[in-house]
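Reviewing the structure listed below.
The values are calculated or read from the model by the stated rules, or taken from the named source; none is laboratory data. Keep in mind that what you see is a predicted model, and the values were worked out from it rather than measured. Quick reminder, even Gly has a Cβ in these numbers, built from the backbone with ideal geometry, and neighbours come from all protein chains shown. SASA here: full protein model, heavy atoms, side chains in, ligands and nucleic acids out. Shrake-Rupley method; radii C 1.70, N 1.55, O 1.52, S 1.80 Å.
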Amino acid sequence: MQRDKALAIVEKQLKKPRYEHTIRVMDTSIKLAKQYGADEKKAELAAIFHDYAKYRPLEEMKRWIIAEQLPKDLLDYHHELWHGPVGALMVKREVGISDPEVLHSISVHTTGCVGMSVLDKVVFLADYIEPGRAFPGVDEVRKVSEKDLDKACWMASRNTINMLVSLNRKVYPDTFHAYNDLLNSTGGNA
Ligand code: DGI
Ligand code: FE
Ligand code: FE
């Protein structure tokens with residue numbers, strides 16, 4: 001699908017600041033894809049649609065989780081985690097995107113997972129470091145992203161876990177799985 005057509009579809013689903021975030025994630029994903037050898041068109045498409053479901057009513061997302069082949073344990077965790085997996089399925093059904101690699105990157109963009117592909121990492125990291133983000137520690141991750149994709153992704157997942165724990169929030173198992181797996185990839189400690 002052409003970029004303009006994809007952007008026009010997603011623009012209708014999002015509020016303006018979220019659409020602008022999407023453009024920045026797209027630009028950052030393309031840059032990272034070039035740098036780390038992911039397919040640039042797939043990175044562009046996954047980035048454009050990564051937050052497609054962000055503003056869908058919670059009840060609607062809940063219905064999809066219950067009715068479709070999606071992990072039921074999502075319902076035990078914060079609804080902020082739903083828009084990735086549900087969004088991937090909605091993009092498949094409503095937009096007709098069928099590339100499993102693109103859909104997977106959309107699905108795991110919030111939590112990460114074990115065995116992330118380069119494309120998954122590119123979209124996950126772009127969502128974290130796009131120039132509009134001001135998370136504590138994001139500049140350090142931006143710097144590392146120029147040299148080491150795995151380490152930058154690991155730092156992003158570490159920072160997110162630290163943030164969640166400091167707020168006494170639950171952490172979805174895939175978020176921990178991504179952290180552990182990325183730490184292994186960087187040759188980190190057991
Ligand atoms: O959709 P975006 O705002 O662009 O970003 P996102 O999809 O990465 O994530 C949204 C939020 O999800 C972010 O504030 C951090 C949070 N999050 C990530 N992993 C977990 C989580 N929240 C909970 N409760 N548990 C997690 O494991
Ligand atoms: Fe998101
Ligand atoms: Fe996002």
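Observations on the structure shown:
- Members of the range 117-132 that are outside any helix (DSSP H, G or I) and within 16 Å of ligand 3 (Cβ to nearest atom): GLU130, PRO131, GLY132
- Only one of the numbered conditions (1) without any contact (Cβ under 8 Å) to a residue 40 or more places away in the chain; (2) more than 16 Å from the chain's Cα centre (by Cα) is violated by GLY37, and that is (1).
- The single condition among (1) among the aromatic types (Phe, Trp, Tyr); (2) more than 19 Å from SER29 (Cα to Cα); (3) not in a helix (DSSP H, G or I) that PHE135 does not satisfy is (2).
- Residue check, ALA38 in a loop (DSSP other than H, G, I, E, B) and farther than 30 Å from ASP76 by Cα: yes
- Within the range 158-172, residues that are farther than 13 Å from HIS78 by Cα have Cβ atoms under 9 Å from residues that are within 16 Å of ligand 2 (Cβ to nearest atom) and in a helix (DSSP H, G or I) in these pairs: ASN159/TYR128; ASN159/VAL138; THR160/TYR128; THR160/THR175; ILE161/THR175, counting only partners at least 6 apart in sequence or on another chain.
- Restricting ALA46, ALA53 to residues that are surrounded by 18 or more Cβ atoms within 10 Å (Cβ to Cβ), in contact (Cβ under 8 Å) with a residue 40 or more places away in the chain and more than 12 Å from ligand 1 (Cβ to nearest atom) narrows the list to ALA46.
- So VAL114, is it in contact with a His (Cβ under 9 Å, 6 or more places away or on another chain), of a type outside the set (Lys, Arg) and open to solvent by 60 Å² or more (accessible area, probe 1.4 Å): yes
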